[in-house]
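Coordinate-derived values only; no laboratory data. Remember, predicted model here, so these are calculated numbers, not experimental data. All Cβ positions, even for glycine, are placed from backbone atoms using ideal geometry, and neighbour counts span all protein chains on display.
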């Protein structure tokens, strides 16, 4: 299953690079998650490979399905609509594109994927796998930070992607998102189908609002981000190539 995901994600990245499509920024970063899990499953890194493979597949499938809906003029979740619309505009920095994608995928998709794979009381047994997925995410974040320094020289003044420095700039914290994802997952796992559906809608709206704040921070932060944007490389294809290096 994971090898199919890697191939599908690679095709998304290749297509975005060939078409100078900014949606490829997140795809290039996220390819690293599936690639790292694929390697870990092959070399015995993970203690529960079958369940982790199932979680990784359910998690990645939500992103790929959202992207497919978008490309076919459908309507993915509100959270992903915010991210995909941003990719059609000039103003957001590469960092904002990445964070608004991570916002949708972690704050919404991860909790749903966990509750789908481990409904009811099974959710408790899933926590070690949830932690392992998050460790993979954390490792990729630092790799991407290093690549961002090649996208713009001003990124070197941003300490940790999604950490304290960036939270002040774009109102997003990866650590907080992971904590929220687990709370969301445990809440969903204890609900009946109709209650869970309502909870997902509410979560989606809240996450989409956070995504908008990532894209539209305060005036001072926006000025700083504009300075970064003006120094970034101009062609999405070149940026996607740089970000893809993080998964090699």
*Counting pairs of alpha carbon atoms under 8 Å apart in space and at least six apart in sequence, what relative contact order in percent does the chain give?*
32
*Compute the acute angle (0 to 90°) between the alpha-carbon long axis of helix 24-43 and the principal axis of greatest extent of the alpha-carbon atoms of the chain; round to the nearest 10°.*
40
*asked:* Can you tell me how segment 72-121 classifies by the Cα gyration tensor, rounded, prolate or oblate, using a/c under 1.5 as the rounded cut?
replied: oblate
*asked:* For the chain, take the longest principal axis of its alpha carbons; what is the angle in degrees between that and the long axis of helix 174-189, to the nearest 10 within 0 to 90?
replied: 30
*State the label only: which of (i) 112; (ii) 141; (iii) 126 corresponds to volume of the Cα convex hull per residue in Å³ computed from the shown model?*
(i)
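Given the rule -39500 (n - 2.57) for each run of at least 4 DSSP H residues, summed and divided by the residues of the chain, what is its mean residue ellipticity at 222 nm, to the nearest 500 deg cm²/dmol? Display every interim value, and only then the final one.
On the way: 12 runs with 184 residues, N = 248.
Computed mean residue ellipticity for the chain: -24500 deg cm²/dmol.
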_Quick check: Cα centre of segment 42-100 to Cα centre of segment 184-248, how many Å?_
10
*Just grab the label-to-label distance for residue 193 and residue 219, each label 7 Å out from Cα along the Cβ direction, in nm (one decimal).*
5.2
*Where does helix 193-215 land angle-wise versus the long Cα axis of the chain, in degrees 0 to 90, nearest 10?*
20
*Cα→Cβ-extended label distance, 7 Å offset, between residue 142 and residue 11, nm*: 3.4
*So how much slack lies between residue 71 and residue 206, counting 0.36 nm per residue of separation and subtracting their Cα-Cα distance, in nm?*
46.2 nm
